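A.B. asks: I'd like to ask you about the structure that follows.
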Amino acid sequence: MNILYSFRRCPYAIRARMALQYSGIEYQHREILLKNKPQSMLDYSAKGTVPVFVTENNILDESIDVMRWALNQFDTDKWLQQPQQNDLIEKSDQQFKAQLDRYKYSDRHELSEREYRDEALWFLDLLDTKLQQHSQLLSNEVSMADIAIFPFIRQFAFVDKQWFDENGYGYLQKWLAGHLHSDLFVKVMEKHPIWSDD
Ligand SMILES: N[C@@H](CCC(=O)N[C@@H](CS)C(=O)NCC(=O)O)C(=O)O
């Protein structure tokens, strides 16, 4: 039986769960608390981040690897078949994610929330421009890039939802709302009891 160690609100875990759900992969869901990680999870992967996905033959402790693994099993709508998606995902995971964290936790840093937000706007601009041309990031069809990036835009938007709703980015707002209301997202946000190794 496959096992997924997960944390409901973690954007990395969300994208892994969305890919697993889309691909119809069955697994035992083990919901964890980041401040009290189960020993069994640390035994599988000592680095202590979620998601950790355990199959009969693999231990995957990078969310992108979980996504790729799932899509390589079943990919009915061809999420994997978009060129350029790795480039966009990398921009999100590297530069944008670091800026998002400073914006989200600006009280722990030197500059103001607004200054950190401004630093990250290049990525919102980039995505909004793409979404002017098609309804999803790379075409009119959902690809892995949409699902890999969406949980981070969700986080960004909810730091100050009023600002996000009132400051342009109409295409991005629409794209975000579409994914927030998707059956896939709603399904993977269902609540689970906390796993205990005992
Ligand atoms: N590169 C990893 C990052 C995963 C990650 O950083 N997850 C966070 C939660 S969103 C985590 O588990 N942090 C460990 C902690 O807070 O103790 C991936 O893509 O899976």
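A.B. asks: For the range 12-30, enumerate the residues that are in a helix (DSSP H, G or I) and within 14 Å of the ligand (Cβ to nearest atom).
C.D. replies: Across the range 12-30, the qualifying residues are Tyr12, Ala13, Ile14, Arg15, Ala16, Arg17, Met18, Ala19, Leu20.
A.B. asks: Could you look through the range 44-70, keep only residues that are crowded, with 16+ Cβ neighbours inside 10 Å and among the small types (Gly, Ala, Ser), and pick out the one that is farthest from the ligand (Cβ to nearest atom)?
C.D. replies: Ala70
A.B. asks: Can you tell me which residue within the range 1-11, out of those that are within 12 Å of the ligand (Cβ to nearest atom) and outside any loop (DSSP other than H, G, I, E, B), is nearest to the chain's Cα centre (by Cα)?
C.D. replies: Keep residues of the range 1-11 that are within 12 Å of the ligand (Cβ to nearest atom), which gives 4-11.
Imposing the further condition that a residue be outside any loop (DSSP other than H, G, I, E, B) reduces the set to 4-6, 11.
On the way: Leu4: 15, Tyr5: 15, Ser6: 12, Pro11: 4 Å.
Only one residue fits best here, namely Pro11.
A.B. asks: Leu33 fails exactly one of the following numbered conditions: (1) farther than 20 Å from Met189 by Cα; (2) within 10 Å of the ligand (Cβ to nearest atom); (3) surrounded by fewer than 16 Cβ atoms within 10 Å (Cβ to Cβ). What is the number of that condition?
C.D. replies: If we test Leu33 against (1) farther than 20 Å from Met189 by Cα; (2) within 10 Å of the ligand (Cβ to nearest atom); (3) surrounded by fewer than 16 Cβ atoms within 10 Å (Cβ to Cβ), just (1) comes out false.
A.B. asks: Among Asp101, Asp107, which is more than 15 Å from the ligand (Cβ to nearest atom), out of contact with any helix residue (DSSP H, G or I) (no Cβ under 7 Å at 6 or more places or on another chain) and either in a helix (DSSP H, G or I) or aliphatic (A, V, I, L, M) (or both)?
C.D. replies: Only one candidate qualifies: Asp107.
A.B. asks: Which condition from (1) touching a residue at least 24 places away in the same chain (Cβ under 8 Å); (2) among the acidic types (Asp, Glu); (3) in contact with a helix residue (DSSP H, G or I) (Cβ under 9 Å, 6 or more places away or on another chain) is the one that Glu31 breaks?
C.D. replies: In the conditions (1) touching a residue at least 24 places away in the same chain (Cβ under 8 Å); (2) among the acidic types (Asp, Glu); (3) in contact with a helix residue (DSSP H, G or I) (Cβ under 9 Å, 6 or more places away or on another chain), Glu31 misses (3) alone.
Quick note: the coordinates plus some simple rules give every number you see, no bench work behind them. It should be emphasised that the depicted structure is a prediction, and the values quoted were computed from it without experimental measurement. Note: ideal-geometry Cβ built from the backbone for every residue, glycine included; neighbour counts use all protein chains shown.
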